[in-house]
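The values are calculated or read from the model by the stated rules, or taken from the named source; none is laboratory data. Only a predicted model underlies this, so the values are computations on that prediction, with no experimental measurement involved. So basically every Cβ, Gly included, is an ideal-geometry build from the backbone, and we count neighbours across all protein chains shown. Accessible surface areas use protein heavy atoms only, side chains included; no ligands, DNA or RNA. Shrake-Rupley method; radii C 1.70, N 1.55, O 1.52, S 1.80 Å.
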Amino acid sequence: MTLRLHDTLTREKREFVPLNPDRVTMYVCGPTVYNYAHVGNARPVVVFDVLFRLLRRIYGEDHVLYAANVTDVDDKINAKAAAEGVPIEVITARYLDAYHSDMSALGSLRPTFEPRATRTMDAIIAMIERLVRNNAAYATEGHVLFNTAAYSDYGKLSHRSMDDMIAGARVDVAPYKQHPADFVLWKPSKPGEPVWDSPFGPGRPGWHIECSAMIEQNLGLPIDIHGGGNDLIFPHHENEMAQGICADHVPAYAEFWLHNGFLNFGDEKMSKSLGNVVLVHDLVTHVPGEAIRWALLAAHYRQPLQWSEELTARAKKSLDSLYGALRRASEVKAPVIAPSAAFLEALDDDLNTPRAFAELHALAGRLETAVGADRATAKAELLGSAQLLGFLAADPDAWFQGDVDPALRARIDALIAERVTARTAKDWAKADRIRAELTALNVEVMDNPTGATWRIREKP
Ligand SMILES: [Zn+2]
């Protein structure tokens, strides 16, 4: 079986062969930490986490290097810091912590490297200097601009003509540009904004150069895979590619470009500027992280994903059925757990998660109906497959306890604790009385040497 991925640059799905199988490299554009992440922001994180896990399985955990940047200096961060009257570090530390805890609640592994813009200044400045030396950039009025005329392939990634790009709404017009499509590498800071010294004058970097410099510094060019949301193809990734190729004279910037589709809410793309956002930080307080993760992977990553409450409810139901099958098979001893062949085949086909989910349900079905060794194999394959994708990490009983109303859960926990104390004191009459009370609440108690666990009885 071979992994096949769709490449935005060549517009084809082809076999993934890393440049060096001992050192597979992937870069994904990360967050700008000025606010909580919404579920649209979380989609690429979860999608590329799946790819990271799959690559680690194929090439070995120590042979995959994954970098995702943290943009920690930016206009929005500056504005928020000014509004609160605090240094930008206070803002970025607060929202980076929240980002880490929210993304780990969704089962995402931390990337190998999380470079930060403010700590990459030397590499950024060195790369701009090289671009100027190579005549691919020019300094003017305190700015340094990339010279798009110096790069004949400009527009190749986004499949745009120069006219399209000039017409693009995101291309800023400025009198000091030699060509309207030229973009900023370095710009002067406004009064009160963070500022760094450079050979081009005091100022701060543009956004695009940050990613190129971080890739060069952490992974080296070219890389195997560059990922991100498809709203980044132009101008961000087009510009990254132009910078990297012109600075280092490499034949390619990334061997594969992968882009995920939008996450829509109602009829619109979910975005902070439209104000229609669902924050992960809020969602995880009442929806299990695995259910949010399932919902984010329910459509193929290249397709748009329609977000709704119903989507997360369906995701929760799917996981309930898998956890239910596991719970009913708690006595089955699984041999060495490993993903099934059909499951891996689905992921190898450009990360076809809907097909992989169908295989998880098929495995759960086999676990319910098979007998003997087949049942044990089904359990091993269900666990191996689901856990590769970041699911079924919880104990099945603990999973269903999450459905119990918090007040009732607190009461059950208190009764269980009281009963453990009674048993330790050998007050069997009291212990039995409490058990009867729990039974009346439809709670089953399982005693073990260190105390007791519980679960809600399944309805007959
Ligand atoms: Zn980037």
Step by step: first the residues of segment 216-244, then only those that are under 18 Å from the mean Cα position of the chain (by Cα) and of a type in the set (V, I, T), then the one that is nearest to the ligand (Cβ to nearest atom). Which residue is that? I233
Flag for F113 being of a type outside the set (D, E, K, R), in contact with a Cys (Cβ under 9 Å, 6 or more places away or on another chain) and within 16 Å of the ligand (Cβ to nearest atom): no
Out of L347, L326, sole residue that is part of a helix (DSSP H, G or I) and within 23 Å of the chain's Cα centre (by Cα): L347
Restricting segment 29-67 to residues that are in contact with a His (Cβ under 8 Å, 6 or more places away or on another chain) and closer than 18 Å to R116 by Cβ, the residue that is nearest to the ligand (Cβ to nearest atom): C29
Only one residue in L219, L263, L258 is touching a Gly at 6+ places or on another chain (Cβ under 8 Å) and within 25 Å of D22 (Cβ to Cβ). Which one? L258
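A quick yes/no check of all residues on (1) polar (S, T, N, Q); (2) within 16 Å of the ligand (Cβ to nearest atom); (3) closer than 30 Å to R23 by Cα; (4) more than 21 Å from the chain's Cα centre (by Cα):
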{"site": "N69", "(1), (2), (3), (4)": "yes, yes, yes, no"}
{"site": "N78", "(1), (2), (3), (4)": "yes, no, no, yes"}
{"site": "A83", "(1), (2), (3), (4)": "no, no, no, yes"}
{"site": "A93", "(1), (2), (3), (4)": "no, no, no, no"}
{"site": "L106", "(1), (2), (3), (4)": "no, no, yes, no"}
Given the conditions (1) within 16 Å of the ligand (Cβ to nearest atom); (2) under 20 Å from T118 (Cβ atoms); (3) open to solvent by 10 Å² or more (accessible area, probe 1.4 Å), which single one is not true for S198? (1)
For a quick check of your reading of the model, give me the residue pairs whose first member lies in segment 230-249 and is within 17 Å of A149 (Cα to Cα) and touching a residue at least 60 places away in the same chain (Cβ under 8 Å), whose second is open to solvent by 10 Å² or more (accessible area, probe 1.4 Å) and within 11 Å of the ligand (Cβ to nearest atom), with beta-carbon atoms closer than 6 Å and at least 6 apart or on different chains. N239/H208
Could you tell me how many of the residues in segment 201-217 are among the polar types (S, T, N, Q) and either touching a Ser or Thr at 6+ places or on another chain (Cβ under 8 Å) or free of Cβ contacts under 8 Å to residues at least 60 places away in the same chain (or both)? 1
Out of E309, E255, E290, report the one residue that is closer than 30 Å to W186 by Cβ, away from the ligand (no atom under 16 Å from the Cβ) and of a type in the set (D, E, K, R). E255
With the condition being more than 20 Å from H286 (Cα to Cα) and touching a residue at least 60 places away in the same chain (Cβ under 8 Å), I'd like the helices (runs of 4 or more DSSP H) fully within segment 367-444 carrying at least 3 qualifying residues. 372-388
In this structure, does L388 turn out to be in contact with a Pro (Cβ under 7 Å, 6 or more places away or on another chain) and either of a type in the set (A, V, I, L, M, F, W, C) or open to solvent by 30 Å² or more (accessible area, probe 1.4 Å) (or both)? yes
What are the residues in segment 291-310 that are part of a helix (DSSP H, G or I) and either of a type outside the set (A, V, I, L, M) or surrounded by fewer than 18 Cβ atoms within 10 Å (Cβ to Cβ) (or both), if any? R293, W294, E309, E310
Filtered residues of segment 76-133 (kept if polar (S, T, N, Q), touching an Asp or Glu at 6+ places or on another chain (Cβ under 8 Å) and part of a helix (DSSP H, G or I)): N78, T92, T118
Pairing a residue in segment 328-344 that is within 11 Å of K379 (Cβ to Cβ) and among the hydroxyl-bearing types (S, T, Y) with any residue that is assigned to a loop (DSSP other than H, G, I, E, B) and open to solvent by 20 Å² or more (accessible area, probe 1.4 Å), where Cβ atoms lie under 9 Å and the two sit 6 or more apart in sequence or on different chains, gives none
Flag for R119 being surrounded by fewer than 16 Cβ atoms within 10 Å (Cβ to Cβ), at pLDDT 90 or above and among the basic types (K, R): yes
The number of residues in segment 41-75 that are open to solvent by 20 Å² or more (accessible area, probe 1.4 Å), more than 30 Å from M1 (Cβ to Cβ) and outside any helix (DSSP H, G or I) is 1
Only one of these is over 27 Å from T92 (Cβ atoms), open to solvent by less than 20 Å² (accessible area, probe 1.4 Å) and small (G, A, S): A213, A181, A167. Name it. A181
So, A358, is that one under 32 Å from the mean Cα position of the chain (by Cα), touching a residue at least 60 places away in the same chain (Cβ under 8 Å) and surrounded by fewer than 18 Cβ atoms within 10 Å (Cβ to Cβ) or not? no
Residue pairs within 7 Å by beta carbon, gap of at least six or interchain, first lying in segment 88-113 and open to solvent by 60 Å² or more (accessible area, probe 1.4 Å), second among the hydroxyl-bearing types (S, T, Y) and outside any helix (DSSP H, G or I), listed first then second, are T112/Y66
